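Reviewing the structure listed below.
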Amino acid sequence: MTKKLFFQALTKFVAGLAITMALLFIPAGTCCYWQAWLFIGILFIPMLIVGIVLMKRNPELLRKRLDAKEKENEQKSVVAMSSLLFVAMFVIAGLNHRFDWWILPDWLVIAAAVLFLLGYAMYAEVMRENVWLSRTVEVQDNQQVVDTGLYGIVRHPMYSATLILFLTMPLVLASPCSFVIMLLYVPVVVKRIQNEEKVLKQELRGYQEYTQRVRYRLAPFIW
């Protein structure tokens, strides 16, 4: 562990928390938005725990997760679109709460929170299984194809977990309008996967054979 990595991780964590709170509570016009507090808790508490574990056990993986600078031009547009969707989703959720447009029932919010945490657990398992996991599309030195565990079921379990997380976020915030916005993330992640697989087939030895063994990318029997 290095001080530089620690402060980099801490800075991004605090900045992410502050931005998320601003995007939710300012449009809502109040801090009395319990669904937003629930969302912040189930997002940032596990994030803090995972960060601490990675800091102690695998600082190199944490360093790669913090490095979000895409090299592929096509991926840069995907990242920009994702960021735009997130901002819109949070702002609309806050406005939905302020003006009481369409509020989901409490039981559905709680169910979505449970599903969100299951998606988070899946995400953590993917990070445990794949030491080469990166936030950017790249092939690293000495990288090998991972084909066991969740990678033996679908080729991109990280994106499967991400979809669960992203599609349950607006439901936790009790905002159906925000859910409609986040549905646009599905074609975004499909585009990202298609570009990523193109790179992996060209640069990662054994990946072409892996795609023949594991047919599905995101969900078994679907795609």
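Would you mind stating whether Ile193 is at pLDDT 90 or above and under 16 Å from the mean Cα position of the chain (by Cα)? Reasoning before the result, please.
Numbers: at pLDDT 90 or above: no; under 16 Å from the mean Cα position of the chain (by Cα): yes.
When the stated conditions are applied, Ile193 does not pass them.
Results for (1) more than 27 Å from Phe86 (Cα to Cα); (2) in contact with an Asp or Glu (Cβ under 6 Å, 6 or more places away or on another chain); (3) of a type outside the set (Phe, Trp, Tyr); (4) without any contact (Cβ under 8 Å) to a residue 24 or more places away in the chain, shown as yes or no for each residue.
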{"site": "Ser178", "(1), (2), (3), (4)": "no, no, yes, no"}
{"site": "Gln194", "(1), (2), (3), (4)": "no, no, yes, yes"}
{"site": "Glu197", "(1), (2), (3), (4)": "no, no, yes, no"}
{"site": "Gly206", "(1), (2), (3), (4)": "yes, no, yes, no"}
{"site": "Arg213", "(1), (2), (3), (4)": "yes, no, yes, no"}
{"site": "Phe221", "(1), (2), (3), (4)": "yes, no, no, yes"}
| said: Name the single residue that is nearest to Asp100 (Cα to Cα) among those in region 175-214 being assigned to a loop (DSSP other than H, G, I, E, B) and touching a Phe, Trp or Tyr at 6+ places or on another chain (Cβ under 9 Å). | reply: Ser175
| region 1-44: number of residues that are farther than 26 Å from Met122 by Cα, without any contact (Cβ under 8 Å) to a residue 40 or more places away in the chain and of a type in the set (Phe, Trp, Tyr) | 1
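Among the residues of region 198-209, write down those that are in contact with a Lys or Arg (Cβ under 8 Å, 6 or more places away or on another chain) and crowded, with 18+ Cβ neighbours inside 10 Å.
If the condition is that a residue be in contact with a Lys or Arg (Cβ under 8 Å, 6 or more places away or on another chain) and crowded, with 18+ Cβ neighbours inside 10 Å, then Tyr207 is the only one that fits.
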| remark: Ala80: passes all of (1) modelled with pLDDT under 90; (2) closer than 23 Å to Pro187 by Cβ; (3) surrounded by 13 or more Cβ atoms within 10 Å (Cβ to Cβ) but (3)
| remark: Checked against (1) of a type outside the set (Val, Ile, Thr); (2) modelled with pLDDT under 95; (3) within 23 Å of Phe13 (Cα to Cα); (4) touching a Leu at 6+ places or on another chain (Cβ under 9 Å), Tyr33 satisfies every condition except (2)
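Scan region 90-102 and tell me whether some residue there is aliphatic (A, V, I, L, M), in contact with a helix residue (DSSP H, G or I) (Cβ under 8 Å, 6 or more places away or on another chain), at pLDDT 95 or above and surrounded by fewer than 20 Cβ atoms within 10 Å (Cβ to Cβ).
yes
What number of residues within region 11-52 satisfy the criterion of being within 17 Å of the chain's Cα centre (by Cα) and of a type in the set (Ser, Thr, Tyr)? Let's see the steps before the verdict.
If we filter region 11-52 for residues that are within 17 Å of the chain's Cα centre (by Cα), which is where we start, we get 12-13, 15-17, 19-20, 39-51.
Then drop every residue that is not of a type in the set (Ser, Thr, Tyr), which leaves 20.
Counting residues in region 11-52 that are within 17 Å of the chain's Cα centre (by Cα) and of a type in the set (Ser, Thr, Tyr) gives 1.
Residue-wise test of (1) in contact with a Pro (Cβ under 8 Å, 6 or more places away or on another chain); (2) of a type outside the set (S, T, N, Q); (3) surrounded by fewer than 19 Cβ atoms within 10 Å (Cβ to Cβ).
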position: Thr162; (1), (2), (3): no, no, no
position: Met169; (1), (2), (3): no, yes, no
position: Leu173; (1), (2), (3): no, yes, no
position: Ser178; (1), (2), (3): yes, no, no
position: Val186; (1), (2), (3): no, yes, yes
position: Val190; (1), (2), (3): no, yes, yes
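The values are calculated or read from the model by the stated rules, or taken from the named source; none is laboratory data. This is a predicted model, so every value here is computed, not measured. Every residue, glycine as well, gets a Cβ built from its backbone with ideal geometry; the counts of neighbours run over all protein chains shown.
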